[in-house]
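The values are calculated or read from the model by the stated rules, or taken from the named source; none is laboratory data. Note that the structure is predicted; figures quoted are calculated from it, not measured. Glycine also receives a Cβ, built like all others from the backbone with ideal geometry; neighbour counts cover every protein chain displayed. Note: accessible area is taken over every heavy atom of the protein model, side chains too, but ligands, DNA and RNA are not part of it. Shrake-Rupley method; radii C 1.70, N 1.55, O 1.52, S 1.80 Å.
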Amino acid sequence: MRIPGQRCPACHEDTHEFTAHWSKRSLLPKARQIHDVKVATGTVKSGLSCHMYLPFATSCKSLCHAKLPQFRKEPPMHSFSSDRVNSAVPHSLRAQYHVTAPQQWLNDPQRPFYHGHECNMYYLYSSSYYLPGEWRHLVSHDHVMFEDQGIAIHLHEGLGVWSGSCVVDKDGTAGFGKNAILVFATQPSHGDDYQQEQYLWHSSDNGNTFSRCEKPVISNTDHSNWFRDPKIAWDEDERRWIAAIGRDHSVALYRSANLRVWQYLSTFTYQGEDIGGVECPDLFSMVADDGTTHWIIAGSMRGVLAGKTNTYAYWIGRFIDHEFVPDHEAPKWLDEGWDWYAAVTWHNPNDGRRYAIGWMNNWDYAARTVPTDATDNFNGMLSIVRTIRLASNGDEYELLSQPVETLDSYFSQNLIIEDMAVQGDRQLAFSGTAYRLTATIDRSSAEKASIRVGGSVDGSRYCEFGLDSAGFYMDRSHCERWDFPFKPWTLSRSEIADEACPIEITAFVDRQSVEVFVAEGRHVHSDQIYFIEGDEHVSLHTEGGEALFTDIRIASWSGVA
């Protein structure tokens, strides 16, 4: 999109018109450096960093300041006025069953690997807000409880390590020994963000520490500022490794026999509606429920350009003569909420299932302080882990997702209601901030039938999800905070025909988030919600008639399996 030149609200310098490519990385380090110089010379006050207005990469190497309309001037990190919280000693807002950083900043999760039955996962972490980034290590035995192992991949000469993926080199073909853990990730060579290249790290201690190979293994031959986030997949039929690298509106594919020497294979360029460049691409093959095998290419995309949300888009297809050929032109979406970005999927060799996890944020508003900065000194969380399956749907296929089954054992039942006919509002005899809710909704004669979670005592604040004549919707506009607004990114929708109703829903509420799984995981909506103290109630609501709610179950998080 074109952003007109204007004066920077921080340093008051004139800016230039430029093309925004929607990236979280390209000019932010440079903006910070220039801002630091201005602070030292007294040109701009500390805390009003120009980088707060640069959530997008630009098409020129010179720094252009542009205040985007959805961003507003923020105070310095961890500097909050007393009216931002409800008490002198703010209550904790840390999620109970979602991965959060111990302090400071968390974003993209990285595709895990398994050492025995231990799941090893990493995420991008920064102790200096959101740049530069390192890889922080987690381990889990059940995909629910993750233990922090500290930093596994550190900065290299001050440069951050961007997203990528892990590979277990069982046969030692890369030359680092059998079962070496390899990481392929993007770094800007020589600190030049227009020279994004793919580097290799290797570990011989099960992924706890890594050493970096000095030269890139996949070079950026056209010197593009969009050549990022490699995903490595094994092609059993062709006996080769394939690397998928995100490009501007495409995914570049490379092949290798030994994980060290890579050759260009082809490029998949999506057609149809414009949903921006590809970040955090995904590539894998999967067996559908009818026994057929398919390849999937996916990526985190700018869905708002096409009237959708910014989450995980995917194409199902096959390889023909080294080319990925999709079965459908329009992308399908694995999550239709606002906050499931930079998602990764992975195969568990122990149970044969595929899992997924995403960063619960959105680059339209991620680069700012949030309520947990003040209460708990951290910013960012990951979604719950989901089980993914490929289902046949007539002549097409689709990915469905469900909460990982091991979550169930961590919840204790508090409320069971078999049937409830509702006309108007009905508050339930439950309150809490971390729980799982299941129910079946039959809209019947009502124009709208919904469930409201995180409700305030007076009923003015709540997050709402349910059915109306257009299908399923999730709306967080009624729990907005004036100091941390989400508008206009508040309402998300899924088309569901009336004949498909009633529908079953499973919702996970956890202090600062709501994730809702609809119709056996055919639709999922994941949102951050900035609940405040006292937003603990649950109610049922209808408009224009009566609706039937059945099989209502609410179970609180116990933290003990």
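Observations, loosely collected:
- Among the residues of segment 107-128, just one is open to solvent by 20 Å² or more (accessible area, probe 1.4 Å), part of a strand (DSSP E or B) and in contact with a His (Cβ under 7 Å, 6 or more places away or on another chain), namely E118.
- In summary, strands (runs of 3 or more DSSP E) completely within segment 308-408 and bearing 3 or more residues that are open to solvent by 10 Å² or more (accessible area, probe 1.4 Å) occur at 312-320, 323-326, 386-393, 396-403.
- Any hit, segment 484-494, residues being part of a strand (DSSP E or B), under 24 Å from L390 (Cα atoms) and in contact with a Lys or Arg (Cβ under 6 Å, 6 or more places away or on another chain): no
- Those residues of segment 429-454 which are in a strand (DSSP E or B), more than 15 Å from R493 (Cβ to Cβ), open to solvent by 10 Å² or more (accessible area, probe 1.4 Å) and touching a residue at least 60 places away in the same chain (Cβ under 8 Å), in sequence order: F430, S431, A434, R436, T438, T440, D442, R452
- Search result, residues across segment 204-214 that are part of a strand (DSSP E or B) and either in contact (Cβ under 8 Å) with a residue 24 or more places away in the chain or surrounded by 21 or more Cβ atoms within 10 Å (Cβ to Cβ) (or both): R212
- The criterion of being farther than 25 Å from G521 by Cβ and either under 33 Å from the mean Cα position of the chain (by Cα) or in contact (Cβ under 8 Å) with a residue 40 or more places away in the chain (or both) holds for A421.
- Residue in segment 143-157 that is at pLDDT below 95, surrounded by 15 or more Cβ atoms within 10 Å (Cβ to Cβ), outside any strand (DSSP E or B) and touching a Lys or Arg at 6+ places or on another chain (Cβ under 9 Å) present: no
- Qualifying strands (runs of 3 or more DSSP E) (wholly inside segment 215-282; at least 3 residues being in contact with a Ser or Thr (Cβ under 6 Å, 6 or more places away or on another chain), over 20 Å from L334 (Cβ atoms) and among the polar types (S, T, N, Q)): none
- The single residue among S513, S492, S460 that is open to solvent by 10 Å² or more (accessible area, probe 1.4 Å) and hydroxyl-bearing (S, T, Y) turns out to be S460.
Residue-by-condition table, conditions (1) open to solvent by 10 Å² or more (accessible area, probe 1.4 Å); (2) free of Cβ contacts under 8 Å to residues at least 60 places away in the same chain; (3) closer than 28 Å to V161 by Cα; (4) in contact with a strand residue (DSSP E or B) (Cβ under 8 Å, 6 or more places away or on another chain):
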| position | (1), (2), (3), (4) |
| --- | --- |
| D274 | yes, yes, no, no |
| C280 | no, no, yes, yes |
| F284 | no, no, yes, yes |
| D289 | yes, no, no, yes |
| R302 | yes, no, yes, no |
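- Qualifying residue in segment 180-193 (condition: in a strand (DSSP E or B), closer than 19 Å to G158 by Cα, open to solvent by 10 Å² or more (accessible area, probe 1.4 Å) and charged (D, E, K, R)): no
- Test: residue in segment 171-194 that is at pLDDT below 95, under 22 Å from the mean Cα position of the chain (by Cα), more than 30 Å from S558 (Cα to Cα) and of a type outside the set (A, V, I, L, M, F, W, C): yes
- Lone unmet requirement of (1) within 19 Å of the chain's Cα centre (by Cα); (2) open to solvent by less than 10 Å² (accessible area, probe 1.4 Å) for A243: (1)
Let's see how each residue does on (1) within 20 Å of the chain's Cα centre (by Cα); (2) under 16 Å from E279 (Cβ atoms); (3) among the charged types (D, E, K, R); (4) at pLDDT 95 or above:
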residue	(1), (2), (3), (4)
G352	no, no, no, yes
S383	yes, no, no, yes
T387	yes, no, no, yes
L390	no, no, no, yes
N393	no, no, no, no
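- Count - residues of segment 161-177 that are more than 17 Å from C213 (Cβ to Cβ), touching a Lys or Arg at 6+ places or on another chain (Cβ under 8 Å) and touching a residue at least 12 places away in the same chain (Cβ under 8 Å): 1
- Considering (1) surrounded by fewer than 20 Cβ atoms within 10 Å (Cβ to Cβ); (2) more than 18 Å from the chain's Cα centre (by Cα), the lone condition that L131 does not fulfil carries the number (2).
- In summary, strands (runs of 3 or more DSSP E) completely within segment 496-558 and bearing 3 or more residues that are farther than 19 Å from L334 by Cα and modelled with pLDDT of 95 or more occur at 537-543, 547-557.
- Scanning segment 163-179 for residues that are touching a Gly at 6+ places or on another chain (Cβ under 8 Å) and open to solvent by 20 Å² or more (accessible area, probe 1.4 Å) yields a total of 2.
- Screening segment 215-235 for residues that are among the hydrophobic types (A, V, I, L, M, F, W, C) and in contact (Cβ under 8 Å) with a residue 24 or more places away in the chain and picking the one that is most open to solvent (accessible area, probe 1.4 Å) gives V217.
- Members of segment 421-435 that are among the aliphatic types (A, V, I, L, M) and under 12 Å from R452 (Cα atoms): L428
- Figure legend. Inter-residue proximity from segment 336-350: first residues closer than 17 Å to Y365 by Cα and in contact (Cβ under 8 Å) with a residue 40 or more places away in the chain, second residues part of a loop (DSSP other than H, G, I, E, B) and open to solvent by 20 Å² or more (accessible area, probe 1.4 Å), beta-carbon distance below 7 Å, spacing 6+ or different chains. Indicated pairs: W338/W489.
- Members of segment 520-539 that are more than 19 Å from S477 (Cβ to Cβ) and surrounded by 17 or more Cβ atoms within 10 Å (Cβ to Cβ): G521, R522, H523, V524, E536
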